[in-house]
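Heads up: the structure comes next, in C-alpha cells.
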There are 2 protein chains.
Amino acid sequence: MNISPLQTARYEYSPKLPGMLRNGISDICVLEGEETSSVADQEKIKALFPNTYGKKEITFQKGQNTSVQKKQVVGVILSGGQAPGGHNVVCGLYDALKATNPENVLYGFKGGPSGLLEDDYIIFDDAYIDQYRNTGGFDIIGSGRTKLETQEQFAVAAEVCKKHEITAIVIIGGDDSNTNAAVLAEYMAAHNTGVQVIGCPKTIDGDLKNEDIEASFGFDTAAKTYSELIGNIERDCNSAKKYWHFVKVMGRSASHIALECALETQPNICLISEEVAAKKQSLAEISDYIADIVEKRAEQGMNFGVVIIPEGVVEFVPEFSSLIAEINELLAGKAGEAFSALPTWNEKKGFLHSGLRDQAVSVFSMLPQGIQQQLCLDRDPHGNVQVSLIESEKLFSSLVAANLAKRKAAGTYKGKFSPLHHFFGYEGRCAFPSNFDADYCYSLGYNAFMLIQYGFNGYLSKVSNLSKPAEEWVAGGMPITKMMNMERRHGEDKPVIRKALVDLDGAPFKYFEAHRQEWAENTCYTFPGAIQYFGPSSVCDLTTRTLALEQGE
Amino acid sequence: MNISPLQTARYEYSPKLPGMLRNGISDICVLEGEETSSVADQEKIKALFPNTYGKKEITFQKGQNTSVQKKQVVGVILSGGQAPGGHNVVCGLYDALKATNPENVLYGFKGGPSGLLEDDYIIFDDAYIDQYRNTGGFDIIGSGRTKLETQEQFAVAAEVCKKHEITAIVIIGGDDSNTNAAVLAEYMAAHNTGVQVIGCPKTIDGDLKNEDIEASFGFDTAAKTYSELIGNIERDCNSAKKYWHFVKVMGRSASHIALECALETQPNICLISEEVAAKKQSLAEISDYIADIVEKRAEQGMNFGVVIIPEGVVEFVPEFSSLIAEINELLAGKAGEAFSALPTWNEKKGFLHSGLRDQAVSVFSMLPQGIQQQLCLDRDPHGNVQVSLIESEKLFSSLVAANLAKRKAAGTYKGKFSPLHHFFGYEGRCAFPSNFDADYCYSLGYNAFMLIQYGFNGYLSKVSNLSKPAEEWVAGGMPITKMMNMERRHGEDKPVIRKALVDLDGAPFKYFEAHRQEWAENTCYTFPGAIQYFGPSSVCDLTTRTLALEQGE
C-alpha cells in the first residue's frame, strides 16, 4: 500500500478553472487595464525598476488568442515553506503549456531557488506530473530557502536559462520570494535575456495579501487542518471538562491563521499579535486577561477552556521583544562565550541579572525557567535568541497559573487550572489541498502560463473574486512592482512587497472582537471536522471565513 | 455559525446496521450458542459470579421477536476517556428502545459513573438526541473516571435504579469499566433487583480486544486522525528534507495505535512497546537502533525521517521502569519532603545519586535534564512519577542526538540531525466518527437494547465480522465473564478482563516487521489524508489495516 485510497481518488479530481479560462487555449485573449504605480515610494520604486515599473494590469477573457506562437521552455521553482496546493500550480502550468504546444518544455528546478543556481532539475512529463495531481507537499521537486537576490546569482540564473533556452521562470513563493522575482524580472529585462519571470502567491501564513491578491494559496487548507484539530480538542475539552488547552498555531508574525481558526472554532480565547502590539500589552496584562476569563468560567463551574496563541505573539509584546534584543546584545561575541562557559544555571542567571537593564530583569524573572533557558541557551549560529523555538503556549499557561495561584491565595479564585499544550504547524503545511486550494492553485499555474505566452514579465499570477464559485473567478496578472514599497531591512532601504498583518479595522477582526466575550464566558465551540473533498458543496467548496468576511459576506 | 457545515451534513447520515437487525424490531429473534467459561481461572471466576457465570453466547437473527413486552427504563453511562462514536452508541440504544415501545424511557447519567451514584441525569428525547447523531465527543452527557467497584456504590446504584424503576444500565467503557459492569451485573442479580447490566466496548487504545471482540470503538477514527497528521508530516519531511520528526501517539500501555499508524503511513521507524519489553531493550539499545537508521539514511543524503513512539513505551524499558520504581520508593513520604526542600537542582541530583542504586544512577545520568526533572519534580499527589507526562518523544531524540554526536566525533557519521517533536492524543479522541465507527457504534447501541429486551444480564454488546460490509456484520452478545481471568491489582487478586497488548506473533506486527527495514532505509511514506465521510467507498468505509490483517485480508 504505497498510494492511499484518498490519494488514488484525488488523482481523479479535475480542478476547476475560472470560467474565462475554460474555453480552450485558442479562446483566451488579453484585456488591458490601467497602468499601475506602486502602493508607496513611487519614485524610488520606479527608479529601481526602469524596465518593469508602471506596466498595465491585465485580465484574461474569452476571445481569439493573439499570442505569438513560439516554443516555450519554462522553469518552475518552489521557494520557502510548504503550502498545500503547490503541486497543482505546477500541474496547471504544465497543462496550459502542453495544451498550447506539445513541443513546449517544463523544467522543475530542485530544492528551491538553489536548484536554478546549481542547474539541478528534472523535465516534467505526463507520467511524472500525474503522480502529483491534487496532492499536498512540495516533494514534486522539493523546496528551499536560498534567496535569489544578488547580481551574481542573477547572472548565474541567466546563464542557466540561456543554456536550456529557457524563455520564462515561474517562482512560487511568499512575499520575499516574489519581491526577489520582481528584481530578477527587472534584471532579465535590463540584460535583454529574453527570459520572463512570473510569480505565484504562496504561503499558509496568509500575509501575502493586498488590494490585488485576495489570498495566498495554502492558507485555506492549513487553517482548516488546524481548525479540525482545534475543534476536536474543543469537543474533548467540553466532554472531559477538566483541562485548559493552550494551542499555538503557525503563521509567523501575522495572526491570520490564529484568527481564521478562531472564526472557525469559536474558542474561549484567541490572542491576536497585532492587537497586542497596538495596545502595547505587557505579559502581565495578557496573563490578567486570560486569568480573568479562567476565573469567570470557574465561577460557573467550567474549569476548562481553549486558548489559541499565534506563533509570533511574543515578538509583539513590547517588553518581551526588548528583553530579546537586550539578551541578543548582551550575549553577542565574547560575552556569549563567557556566558556559555559558566558551569551552573544560577551563575548564568547572575550574569544576566548584572548585564540586563532593570525592566528586562523584571520581565526575565517572570518567566518560567524552561522559557528562560530557551532564551539563553538555544541561540542560533549568530548568537541570537531563536524566537520561533520559544514555547509561548507554555509561557502563557505558566504565567496564568502563577496569576491564578495569587488569586487563590487572596480567596478570589476557587477553581482548578490544569493546562495542556499543543503546537500545530507541520501538520497542515502538506495536507491534501482542499477543493478550494486545488482549484485556486491549478488556476494560478494555468494562468501563469498564459501570462508567459502573452509575453508579460515581472507579473504575479492573479486570480480573484475567490469567495464566489470558480466559474466566476477572474484571471489575470498584476505587475509585482505595484505591490511594493520601500522598507528598512538589515540596515538598508529595500523595495519589498508590503507584508499584510491582521487589519484591526478589517471585517474578520471586527467580527471576532464583537463575539469574543460571548465565546469566552460561554461554551460556543464549533467543530469543523476534517477537510472533505467529496460530498455537499457547502462542506467541500467553501473557502475561509476570513475571505468571506473581507468580501462582505 | 454554531453548527459547522460538516456537522449539519453528518446529521443526515444513516448509520448502517448489521443485516440481521435491519428488518425491524418485530423481526429480531435470538439464536442461542454454547455455554461459556472464562478464558482462565474458571473455578475462581465462577465462584465470584455465581449468578452470571457460564451463560450462553447469543446471536440475533431474522425471526419472530419473542421478547416479553414490558416498559423498559434504561440508564446509560459513558465511562472514562472519550472515543469517537460514543454518541452513536447512545443514539442506537435510544432508537431501538423507542422503536420497541414509544413509552420506553432512556436516562443519561451525567459525568460518568458518578452520575449514577449522585442521581444526576437527563431524560433523552428526539430533539436532544438529534443534535448528537454522528458527532464526536462525549458531551451528550459527559464522561468521568469514577470506578463503580464497591458494594456500597452498588447499593447506591440499586437504590437509584429502584427510584426511577430502571430495568437496565448500559455502561460504555474500556476493559476496567466493563469488568466493573460484570461485577455490578452480578450484584444486581444476586440482590434480585431486576436490573440488567450491559457493556459496550469503547477505547481508542484498541486494547479491549479478544477472540470475541474484534475491535473497541473509536480506535478506527482516532488512529485515522493521527495517521492523517503523520502522513502530512511525512510529506512535509520529504519536501523540506531537513528534519527528523519524533511523533508520540496516545494509546496507554498498548502500542495498537502506534502500530496502526505505522501500517497506514509507513514511517522510517516505529517503536513497539511490547517488542521493547520482549527483547528487554535498554535505552542505549533503542537509541542505537534509531541512530543506526539515521546514519544509514544520512549516508544516502537523507537527513530526515519520521519516528513514531507509543505513549507508554518508557514503562516497557526494564531499566527505565526500575528507575521509576526506585525514584518512587526513594521519594516516598518524609524523604520526598526533604528532597523538595533542597534549594538547587544540583543538590537534588546529589540526593538522588546517593539514594539510588548504581544502575539506576547510570540510567538517570543518561537522561536529558528536562526528563530528569519531569521524573523528580512532577510527581502525583501520592509522590509517584507521572509517567504519562514524560515527554518520551524528546527523551529519545535527545538520546539519539547524544549518540550521533559520539559517532560524529568518531568520524562514522557525517549527517545533520535536527529533531522536531509532536504528541497526538486529544486531537483524535473526539473527531467526528468515521463511517465505520458511526455504523459500529450505532449497531452496538441498537444491539445493546436488544440484549436488554431479551433479558440478558452481564453481557457485552458484540458486533463482529467487522472487516466485511455492515450488511454482513454479526450482532449478538457475550457474557463478560467469558473474557475474564484473575490478575494481581494493587496487591489483590481480582477478576478482570484481560487487556490485549500487541501480539508479536499476530499478523499486524508480522507485516510491520517484514517491511520496516525497507521503510527505514528508503522513503516509502503513505499519505492517508483526512477522514472522508462522503465519496468512494474505498476512501470512506474501510476500517483499520490492523483488523484487515487480523482477519487475514
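Of the residues making up the stretch A:167-187, those that are crowded, with 24+ Cβ neighbours inside 10 Å and over 22 Å from A:MET486 (Cβ atoms) are A:ALA168, A:ILE169, A:VAL170, A:ILE172. Annotation note: of A:ALA325, A:ALA291, A:ALA278, A:ALA332, the sole residue that is free of Cβ contacts under 8 Å to residues at least 40 places away in the same chain and aliphatic (A, V, I, L, M) is A:ALA325.
Please enumerate the residues belonging to the stretch A:502-541 that are more than 7 Å from chain B (Cβ to nearest Cβ), open to solvent by 20 Å² or more (accessible area, probe 1.4 Å) and part of a loop (DSSP other than H, G, I, E, B). Residues satisfying the conditions are A:ASP503, A:LEU504, A:ASP505, A:ASN522, A:THR523, A:ASP541. Listed by position, the strands (runs of 3 or more DSSP E) contained in the stretch A:63-165 that have at least 1 residues being in contact with an Asp or Glu (Cβ under 9 Å, 6 or more places away or on another chain) and at pLDDT 95 or above are A:73-78, A:105-109. Restricting attention to the stretch A:106-130, the residues that are away from chain B (no Cβ under 12 Å) and either in contact (Cβ under 8 Å) with a residue 60 or more places away in the chain or open to solvent by 30 Å² or more (accessible area, probe 1.4 Å) (or both) add up to 13.
For the stretch B:235-248, a residue qualifies if it is facing another protein chain (nearest Cβ under 9 Å), part of a loop (DSSP other than H, G, I, E, B) and out of contact with any strand residue (DSSP E or B) (no Cβ under 6 Å at 6 or more places or on another chain), and exactly one does: B:LYS241.
Report whether or not B:ASN23 is away from every other protein chain (no Cβ under 14 Å) and closer than 29 Å to B:LEU542 by Cα. Yes; evaluated as a whole, the condition is true for this residue. With respect to B:GLU311, is the statement that it is under 18 Å from the mean Cα position of the chain (by Cα) and closer than 25 Å to B:ASP503 by Cβ true? Considered against the rule, which asks whether it is under 18 Å from the mean Cα position of the chain (by Cα) and closer than 25 Å to B:ASP503 by Cβ, B:GLU311 comes out as yes.
Here is a yes/no grid of residues against (1) away from chain A (no Cβ under 14 Å); (2) assigned to a helix (DSSP H, G or I); (3) within 14 Å of B:LEU375 (Cβ to Cβ):
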| residue | (1), (2), (3) |
| --- | --- |
| B:GLU315 | yes, yes, yes |
| B:GLU319 | yes, yes, yes |
| B:LEU323 | yes, yes, yes |
| B:ASN328 | yes, yes, yes |
| B:GLU337 | yes, yes, no |
| B:PRO343 | no, no, no |
| B:ASN346 | no, yes, no |
| B:LYS349 | no, yes, yes |
| B:HIS353 | yes, yes, yes |
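Residue selection: A:LEU377 satisfies the criterion of being hydrophobic (A, V, I, L, M, F, W, C) and either farther than 26 Å from B:ASN232 by Cβ or open to solvent by 40 Å² or more (accessible area, probe 1.4 Å) (or both). Scanning the stretch B:389-425 for residues that are open to solvent by 30 Å² or more (accessible area, probe 1.4 Å) and either touching a Pro at 6+ places or on another chain (Cβ under 9 Å) or within 30 Å of A:TYR243 (Cβ to Cβ) (or both) returns B:LEU389, B:GLU391, B:LYS394, B:SER398, B:ALA401, B:ALA402, B:PRO419, B:LEU420, B:HIS421, B:PHE423.
Among the residues of the stretch B:417-469, the one identified as of a type in the set (A, V, I, L, M), within 13 Å of another protein chain (Cβ to nearest Cβ) and in a strand (DSSP E or B) is B:LEU420.
Among the listed residues A:GLY194, A:GLY231, identify the single one that is over 20 Å from A:SER79 (Cα atoms) and either out of contact with any helix residue (DSSP H, G or I) (no Cβ under 7 Å at 6 or more places or on another chain) or hydrophobic (A, V, I, L, M, F, W, C) (or both). Residue meeting the stated conditions: A:GLY194. For the stretch A:254-271, the tally of residues that are more than 17 Å from A:LEU395 (Cβ to Cβ) and more than 14 Å from chain B (Cβ to nearest Cβ) stands at 5.
B:CYS200 fulfils the conditions (1) open to solvent by less than 10 Å² (accessible area, probe 1.4 Å); (2) over 19 Å from B:THR481 (Cα atoms) except for a single criterion, (2).
Here A:THR150 clears all of (1) without any contact (Cβ under 8 Å) to a residue 24 or more places away in the chain; (2) over 30 Å from A:MET486 (Cβ atoms); (3) more than 14 Å from chain B (Cβ to nearest Cβ) except the condition numbered (2). Scanning the stretch B:364-374 for residues that are open to solvent by less than 60 Å² (accessible area, probe 1.4 Å) and either out of contact with any Asp or Glu (no Cβ under 8 Å at 6 or more places or on another chain) or modelled with pLDDT of 95 or more (or both) yields a total of 5. For A:LYS242, the test of being surrounded by fewer than 24 Cβ atoms within 10 Å (Cβ to Cβ) and of a type outside the set (Val, Ile, Thr) is passed.
So is B:ALA40 in contact with a strand residue (DSSP E or B) (Cβ under 7 Å, 6 or more places away or on another chain), surrounded by fewer than 22 Cβ atoms within 10 Å (Cβ to Cβ) and more than 14 Å from every other protein chain (Cβ to nearest Cβ) or not? Criteria met by B:ALA40. Restrict the check to the stretch A:48-67 and report whether at least one residue is of a type in the set (Val, Ile, Thr), loosely packed, with under 13 Cβ neighbours inside 10 Å and away from chain B (no Cβ under 14 Å). Yes, because at least one residue in the stretch A:48-67 is of a type in the set (Val, Ile, Thr), loosely packed, with under 13 Cβ neighbours inside 10 Å and away from chain B (no Cβ under 14 Å). Number of residues in the stretch A:205-234 that are open to solvent by 10 Å² or more (accessible area, probe 1.4 Å) and within 13 Å of chain B (Cβ to nearest Cβ): the value is 1.
Pick from the stretch B:213-234 the residues that are assigned to a helix (DSSP H, G or I) and of a type in the set (Gly, Ala, Ser): which of them is nearest to B:ASN88 (Cα to Cα)? Among those residues, the one meeting the criterion is B:ALA222.
The values are calculated or read from the model by the stated rules, or taken from the named source; none is laboratory data. Computed from a predicted structure; not experimentally measured. Heads up, the Cβs are rebuilt from the backbone with ideal geometry, glycines too, and the neighbour counts pull from every protein chain shown. Only protein heavy atoms, including side chains, enter the accessible area calculation; ligands, DNA and RNA are left aside. Shrake-Rupley method; radii C 1.70, N 1.55, O 1.52, S 1.80 Å.
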